[in-house]
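Values in this text are rule-based calculations from the coordinates and carry no lab data. Just so you know, these numbers come straight off a predicted model, no measurement behind them. Note that we place each Cβ from the backbone using ideal geometry, even for glycine, and neighbour counts take in every protein chain shown.
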C-alpha cells in the first residue's frame, strides 16, 4: 500500500528548534467551520482569505519562541514535549495520543501511543487532519496517522480547569487546526484549552459485516482515548484532571453526547453540547452496503485490489492506499452514509430506556443550545436542487425519514417563509439540530442540572454566505472569545469583539464552576427557562425567555417520532429511485 510519512518525521534527525508561526500557519488553517462536503463553492474562495489573514498575523510576529531556551516543555508518560510561546501563552500542537490508524490498524480501535522516538516530541506544528473526502474541502493535509491534540496553557499554570473542544463537520470533514478554535482566550483567562482530531466517515464508521457484534464506531473510540490521554497527562501542563469540561459543536456535540451515554461514571466536571446531540444526524446504511458501493467504484476507477465488491474483506481493503477510497460515492453527500451505526455498545437505539436504567451521568452540569436559525445556511446550499417541499423531503430522506412525510408536510406553512428553500432549510435545522436538542432536554432537565441557550447574533461576516442571520456554527468563534479566533473573518467590528468578550467571560466562569450555572435559571421539562444570547440591541446581557416560545413544532411533530430514530436506509436503492 502507499506509505504515509510519519508524524514524527525521521527519527534520525536532531530535535528541532522552536518554530516560528510561519511553520504552523499553513494549509491547516481552515476558513469557516466545515459543515458538509457539498459546500465547496464557497470554501475554496474563503481559504484564500483565511491564508492571507493568517500570514498577516505572522508578519506582525515573525518569531514565536526566541531564544530556544525559553521554549516551554513538559514531561508526560510518552516522553518530553517541547512547544512554543506566543501571545503570552504556551502552545503545544500536534501531540499524538494514539498510534497511526493506517494499514493494518485501519478499522480497528485506536491504540494508545507508546513512547515518543528518542522520548522526545516537537509540538510546534499541527498534525494532519484525519483522512476524509477531498471534494469540497480546503483540508489538503490529510493522513490516517492523525490522532493528535493541541493544548494552550497560561505561562504560569497550576491546577487550572481544562476545556476540551471537539470540532464539527457532520462526522465527514473537519480538523482541530481551524483558526476559529484556537485556545489563546481561554489561556488568558486561566483555563487550559485542548482540542482533538478523530477519525471520520468511511475510516471511522465502515459498518462492515465482518465487524458485526463489536463496536466499529471508531471515531467515538478515538474521542474516548483522547480524553483518557488528557486525564492521565494534563497535570503536567498545569491542569487539574478533576476539573475537565468537555464541549463540542454540531457533530462535535454529538460526540460529547455519545461520550456521556457511554460513561455514566465519568470523571468530567461538566459538558456543553452546541447544536447537536445523540439524536442528531442522518440515517445510516445497512451493514456492508455503502462499503460495497465504494469498493465497486474503486475497481471501476482502476484501483488494484485482490478482491471484488462481492467478496471483499477488510484485510484486502487495508492494503489499499488511503486516497484510493476517494471515489465519487465517497466524495458525494452520500459520504454521510458512513455515520456511526447503532451497535448497542457505543451508540444506542433507546436513550430513554438507558436514562431510566441509570446509564447516564445525571449529576453532571450540562449546557445545551442552538442557533435561532440553524437550518438557514442549508437552504442556500441545497435549495436550488429542489422545486417544492416534497422534493426536499425526498432529497433529505436520510435526515427526515423518522418523521412521516404527511406530518412534515402539515408542519410547515409556506406563507411563513420568503421561499420554499428557506422553509426546507428550517425543516432540516429542526430535524438535525433544534428538535434533537429539545427531544432529550425534557428528560434531562427533570433530573440533571441543565441550562439551555439560543443564539441570536446576526453578523454577515461570520458565515460564508451573507445575510444568513444566526445560523448553524455562527456562535462558535464568539464562545471562543474572538481575537485570534476571528482571524479568518473579514471586517470584524469592535462590537463583535465586545460581544465575544462578554460571552467568553460567562462561559469561562461556568467552566471554572459548572455547578453554579452560566447565569440564568436551569431548564425545566417542556416549557422552562432559556437564555437568549447575542440578541441585537442587548448583546451584553442574557435575555431570558422560555423553551415553550420556540419548541411547539418539536414537541408536537418531532418528539413523538424519535422512537423511530435513526432509520436504516439503503443509499444505493435510494439513488436508483431518484
**Asked** How would you rank 181, 107, going from fewest to most other Cβ atoms within 10 Å of each one's own Cβ?
**Response** 107, 181
**Prompt:** In Å and whole numbers, how far do the C-alpha atoms of segment 392-494 stretch along each principal axis, longest first?
**Reply:** 47, 41, 24
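By average Cβ neighbour count within 10 Å, what is the ranking of 338-346, 493-501 from highest down?
Working: 338-346: 20.2, 493-501: 15.2.
So the order, starting with the most tightly packed, is 338-346, 493-501.
Can you tell me the alpha carbon radius of gyration of segment 452-510 divided by the globular rule-of-thumb value 2.2 N^0.38 Å? It would help to have the intermediate numbers written out before the result.
On the way: Rg = 10.9 Å, N = 59, 2.2 N^0.38 = 10.4 Å.
My calculation over the Cα atoms of segment 452-510 gives 1.05.
Grab the eigenvalues of the alpha-carbon gyration tensor for segment 183-247, scale each by 5, take roots, and send me the semi-axes largest first in whole angstrom. The partial results should precede the final answer.
On the way: eigenvalues 198, 32, 11 Å².
Semi-axes, largest first: 31, 13, 7 Å.
Tell me, 530, 408 in order of fewest to most beta-carbon neighbours within 10 Å? Mind dumping the intermediate values first?
Numbers: 530 27, 408 20.
Sorted ascending by nearby Cβ count, the order is 408, 530.
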